[in-house]
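Trainee: I'd like to ask some things about the structure below.
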Amino acid sequence: MGVTVFAVTLHLVRHALSADRPSWTLDDRLRPLADAGTRQAHLLAQTTRLDSDVRVVSSPARRCIDTVAPLARRIGVEVETDELLYENNGAAALPSLRAALRAAPNATVVACTHGDVLPALLGALVEEDRLHLPEQLRLVEACTWVIEHDNQGRATAAEYRAVTTA
């Protein structure tokens, strides 16, 4: 039996801990990270290992952009935004994420989204690619689901990674 060689990787990130929604009175897209979320974002930047060309894509919500901005700075890329990664969009962003993965061989895409979108994206990968999730579906703030793809763009393996702060 041969070893599968993964061609592309997708890091699906849930935004870090943000300011309290009920007490936030401005546009929800402007809601920032809490202090603990800022620490999570910096830890995410320090601990995420990326071995190839990387694109960092985010929901346009400030809390998502601020979650991946330290990582983008570390690797020297800009954070791109995709409206389809915003709340209540379900798995609508999956086609654009797949296109980004196909755009370059050995690519890595880091995509930051919300607690309602992340399970929808994972569910679509389970349904469309028959991806097996090795663990229960965990969605804590600043978590990452690393999804490996084959050279046909089919999701083949998933690993859950949590970021914790003291």
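The values are calculated or read from the model by the stated rules, or taken from the named source; none is laboratory data. Just so it is clear, the structure is predicted and the values come from calculations on it, not from any experiment. FYI the Cβ positions are ideal-geometry reconstructions off the backbone, even for glycines, and counts take in every protein chain you see. Areas reflect the complete protein model, heavy atoms only, side chains present, ligands, DNA and RNA absent. Shrake-Rupley method; radii C 1.70, N 1.55, O 1.52, S 1.80 Å.
Trainee: Of everything in region 45-91, what is touching a Pro at 6+ places or on another chain (Cβ under 7 Å), in a helix (DSSP H, G or I) and surrounded by fewer than 19 Cβ atoms within 10 Å (Cβ to Cβ)? Give them in sequence order.
Mentor: Ala45, Glu83
Trainee: Do the conditions hold for Ala103, that is, is it surrounded by fewer than 14 Cβ atoms within 10 Å (Cβ to Cβ) and either under 13 Å from the mean Cα position of the chain (by Cα) or under 15 Å from Thr9 (Cβ atoms) (or both)?
Mentor: yes
Trainee: Could you please give the count of residues in region 11-44 that are within 21 Å of Asp116 (Cα to Cα), assigned to a helix (DSSP H, G or I) and among the acidic types (Asp, Glu)?
Mentor: 1
Trainee: A follow-up question, please. Got a number for residues in region 112-161 being within 17 Å of His15 (Cα to Cα) and touching a Pro at 6+ places or on another chain (Cβ under 9 Å)?
Mentor: Residues that pass the stated criteria total 3.
Trainee: Taking region 121-138 only, how many residues are at pLDDT 90 or above and open to solvent by 30 Å² or more (accessible area, probe 1.4 Å)?
Mentor: Number satisfying all stated conditions: 7.
Trainee: Could you say which residue among Ala157, Ala142 is among the hydrophobic types (A, V, I, L, M, F, W, C) and either open to solvent by 40 Å² or more (accessible area, probe 1.4 Å) or not in a loop (DSSP other than H, G, I, E, B) (or both)?
Mentor: Step by step, each of Ala157, Ala142 is checked, and only Ala157 is among the hydrophobic types (A, V, I, L, M, F, W, C) and either open to solvent by 40 Å² or more (accessible area, probe 1.4 Å) or not in a loop (DSSP other than H, G, I, E, B) (or both).
Trainee: Could you figure out which of (1) acidic (Asp, Glu); (2) in contact with a helix residue (DSSP H, G or I) (Cβ under 9 Å, 6 or more places away or on another chain); (3) in contact (Cβ under 8 Å) with a residue 24 or more places away in the chain isn't true of Glu78?
Mentor: Going through (1) acidic (Asp, Glu); (2) in contact with a helix residue (DSSP H, G or I) (Cβ under 9 Å, 6 or more places away or on another chain); (3) in contact (Cβ under 8 Å) with a residue 24 or more places away in the chain one by one, Glu78 breaks only (3).
Trainee: What are the residue pairs meeting all of these: first residue in region 107-126, first residue free of Cβ contacts under 8 Å to residues at least 12 places away in the same chain, second residue hydrophobic (A, V, I, L, M, F, W, C), Cβ atoms under 8 Å, and 6 or more apart or on different chains?
Mentor: Filtered contacts from region 107-126: Val126/Leu133.
Trainee: Which condition from (1) among the polar types (S, T, N, Q); (2) touching a residue at least 12 places away in the same chain (Cβ under 8 Å); (3) loosely packed, with under 15 Cβ neighbours inside 10 Å is the one that Thr38 breaks?
Mentor: Failed condition: (3).
Trainee: Still on this model: I'd like the full set of residues that are open to solvent by less than 10 Å² (accessible area, probe 1.4 Å) and either part of a loop (DSSP other than H, G, I, E, B) or not β-branched (Val, Ile, Thr) (or both), limited to region 110-120.
Mentor: Ala111, Cys112, His114, Leu118
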